[in-house]
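Q: Pasting in a structure now, in structure tokens, and then I'll have a few things to ask.
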Amino acid sequence: MDLKNIVGLKGKSGLFKVISSETARVMIVESFEDKKRFPVTDMYGISQLDGTTVYTHDEDTSIKLVDIFNNIKEIESQNPVPDPKADPKVLKEYFKLVAPDFDEERVYGSDIKKIISWYIILKGLHFFDEEEINPESSSSGNPDSSN
């Protein structure tokens with residue numbers, strides 16, 4: 001499974017796998033949670049994980065989501081991932097470990113909660129069994145990759 005084929009939808013919890021892109025404005029997605037498929041348009045507020053970044057204090061740079069996921073994976077044995085429903089202060093302190101230069105004024109608590117939730121979902125799908133997370137990574141280790 002490629003990171004580029006995974007999306008989040010505004011107003012919907014969880015993550016979705018892109019099954020097909022019918023047109024530039026419509027795609028068919030499948031929920032990782034219940035495997036239901038449905039069409040979405042750009043009105044849904046589609047967040048493609050491979051293109052998602054987080055603001056830093058430097059106006060000219062941002063942190064790629066894939067780098068944050070790699071950082072979480074790297075420290076997870078010493079610093080377990082907090083529950084996304086944990087106190088916002090706990091989530092923010094953890095996020096400082098995995099994205100030390102993030103801009104605390106432009107990255108909201110809801111963004112941090114969403115990123116941590118996404119990591120937990122992908123971990124449950126064995127997405128992080130690979131050595132390093134890469135947007136173009138192969139799906140050979142994922143039991144759900146045959147779809």
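Q: What number goes with the only condition from (1) modelled with pLDDT under 55; (2) open to solvent by 50 Å² or more (accessible area, probe 1.4 Å); (3) not β-branched (Val, Ile, Thr) that Asp144 does not pass?
A: Condition (2) is where Asp144 drops out.
Q: Consider Phe102 carefully, then state whether it is within 23 Å of Lys10 (Cβ to Cβ), of a type outside the set (Lys, Arg), touching a strand residue (DSSP E or B) at 6+ places or on another chain (Cβ under 9 Å) and at pLDDT below 95.
A: no
Q: Applying the selection to segment 93-104, what residues are part of a helix (DSSP H, G or I) and surrounded by fewer than 19 Cβ atoms within 10 Å (Cβ to Cβ)?
A: Glu93, Lys96, Leu97
Q: Next question. Could you grab me the full set of residues in segment 30-42 that are among the charged types (D, E, K, R) and open to solvent by less than 40 Å² (accessible area, probe 1.4 Å)?
A: Of everything in segment 30-42, just one residue is among the charged types (D, E, K, R) and open to solvent by less than 40 Å² (accessible area, probe 1.4 Å), namely Glu30.
Q: So, in segment 105-129, exactly how many residues are more than 23 Å from Phe32 (Cα to Cα) and open to solvent by 80 Å² or more (accessible area, probe 1.4 Å)?
A: 2
Q: Here is a further query. What is the residue count in segment 80-92 for residues that are in a loop (DSSP other than H, G, I, E, B) and open to solvent by less than 60 Å² (accessible area, probe 1.4 Å)? Break it down stepwise before answering.
A: Taking segment 80-92 first, the residues in a loop (DSSP other than H, G, I, E, B) are 80-87.
Next cut, open to solvent by less than 60 Å² (accessible area, probe 1.4 Å) only: 81-82, 84, 86.
The number of residues fulfilling the criteria is 4.
For (1) modelled with pLDDT of 95 or more; (2) surrounded by 15 or more Cβ atoms within 10 Å (Cβ to Cβ), each residue gets a yes or a no:
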position: Leu3; (1), (2): no, yes
position: Val18; (1), (2): no, yes
position: Ile28; (1), (2): no, yes
position: Tyr44; (1), (2): no, yes
position: Ser47; (1), (2): no, yes
position: Val54; (1), (2): yes, yes
position: Asp60; (1), (2): no, no
position: Val66; (1), (2): no, yes
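This table checks each residue for (1) within 22 Å of Asp129 (Cβ to Cβ); (2) of a type in the set (D, E, K, R).
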| site | (1), (2) |
| --- | --- |
| Gly14 | yes, no |
| Ala24 | no, no |
| Leu49 | yes, no |
| Thr52 | yes, no |
| Ile68 | yes, no |
| Lys73 | yes, yes |
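One line per residue, one yes/no per condition, for (1) farther than 16 Å from Ile6 by Cα; (2) of a type in the set (Ser, Thr, Tyr); (3) over 18 Å from the mean Cα position of the chain (by Cα):
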{"site": "Thr23", "(1), (2), (3)": "yes, yes, yes"}
{"site": "Met27", "(1), (2), (3)": "no, no, yes"}
{"site": "Glu33", "(1), (2), (3)": "no, no, no"}
{"site": "Asn70", "(1), (2), (3)": "yes, no, no"}
{"site": "Leu97", "(1), (2), (3)": "yes, no, no"}
{"site": "Ser117", "(1), (2), (3)": "no, yes, no"}
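The values are calculated or read from the model by the stated rules, or taken from the named source; none is laboratory data. Predicted, not measured: the structure shown is a model, and the values here were computed from it. Glycine gets a Cβ as well: all are built from the backbone with ideal geometry, and neighbour counts include every protein chain shown. To get the accessible areas, we keep the full protein, side chains included, count just its heavy atoms, and leave off ligands, DNA and RNA. Shrake-Rupley method; radii C 1.70, N 1.55, O 1.52, S 1.80 Å.
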